[in-house]
Amino acid sequence: MNPSGALGGIHAIHDAVALANWLSTLQLADDKVTEKMFKEYYTERYPIAKAAFKTGQMFTHNLGKNMLAVVVRGMMKRIPAWIWRRIICKMFESRPQCSFFPLIEDDALVKPSYQRSLHKTLVIHKELTKKRTVLPTGNSAPVTV
């Protein structure tokens, strides 16, 4: 990724949150469960990383001195306000959360984008919590930890 795109740092944070969400669901996991977890992580993050790489390449080409780069930079200065608003909204909708911490209530004007690892691992954590609160004998009395 090109540093001028300023995408590396934010993508590293998003990658860390997604991977932490998946790792938080492991409990003495076997190799198949671990492999599945990493495949889920890859499925979620690889398309985003690939798009960021392409964006970085675009920035690199737009910084050049050829005629196309000059034209693109000229067009960027004249983008209508409604397009800038869409770009800004797209930037602010990316707000990842960790499934193993209490969720932060989000009342922002821009709705957060779907975070696959958050929603899938919240379901897994809920199932794990149910398993922990039920006694092995089938009695549904809660166990105090």
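The values are calculated or read from the model by the stated rules, or taken from the named source; none is laboratory data. Nothing here was measured: the structure is a model prediction, and the numbers come from that model. No Cβ is skipped: glycine too gets one built from the backbone with ideal geometry, and neighbour counts run over all protein chains shown. Side chains included, ligands, DNA and RNA excluded: accessible areas come from the protein's heavy atoms. Shrake-Rupley method; radii C 1.70, N 1.55, O 1.52, S 1.80 Å.
So the values come out like this:
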| item | result |
| --- | --- |
| Top of H119, H11, H61 by mean-square fluctuation, Gaussian network on the chain, Cα under 10 Å | H61 |
| Cα-Cα over 20 Å, subset of K54/K90; K90/K111; K39/K130 | K39/K130 |
| Highest-fluctuation residue, S24, S99, S117 considered, GNM on the chain with Cα pairs under 10 Å | S24 |
| Calculated FRET value between V70 and S113, using beta carbons and R₀ = 30 Å, to 0.05 | 0.35 |
| T55 accessible area, assembled protein chains, probe 1.4 Å, Å² | 50 Å² |
| Answer label, with volume of the Cα convex hull per residue in Å³ calculated from the coordinates and candidates [x] 171; [y] 113; [z] 137 | [z] |
| Backbone HN-Hα couplings from phi across segment 46-62 [Karplus 6.51/-1.76/1.60, Hz, Gly and Pro as x] | 4, x, 5, 5, 5, 5, 5, 4, 5, 5, x, 5, 4, 4, 4, 5, 6 |
| Longest exposed-site-free window of the chain, the sites being trypsin sites (Lys or Arg not before Pro) in a DSSP loop that have at most 12 other C-beta atoms within 10 Å | 79-145 |
| Heavy-atom accessible surface of segment 1-117: percent carbon and sulfur, 1.4 Å | 67 percent |
| The chain, relative contact order [Cα under 8 Å, separation at least 6], % | 27 percent |
| Accessible surface, the chain, averaged per residue in Å² (probe 1.4 Å) | 77 Å² |
| Summed residue charge, Cβ within 15 Å of R116's Cβ, Lys/Arg positive, Asp/Glu negative | +1 |
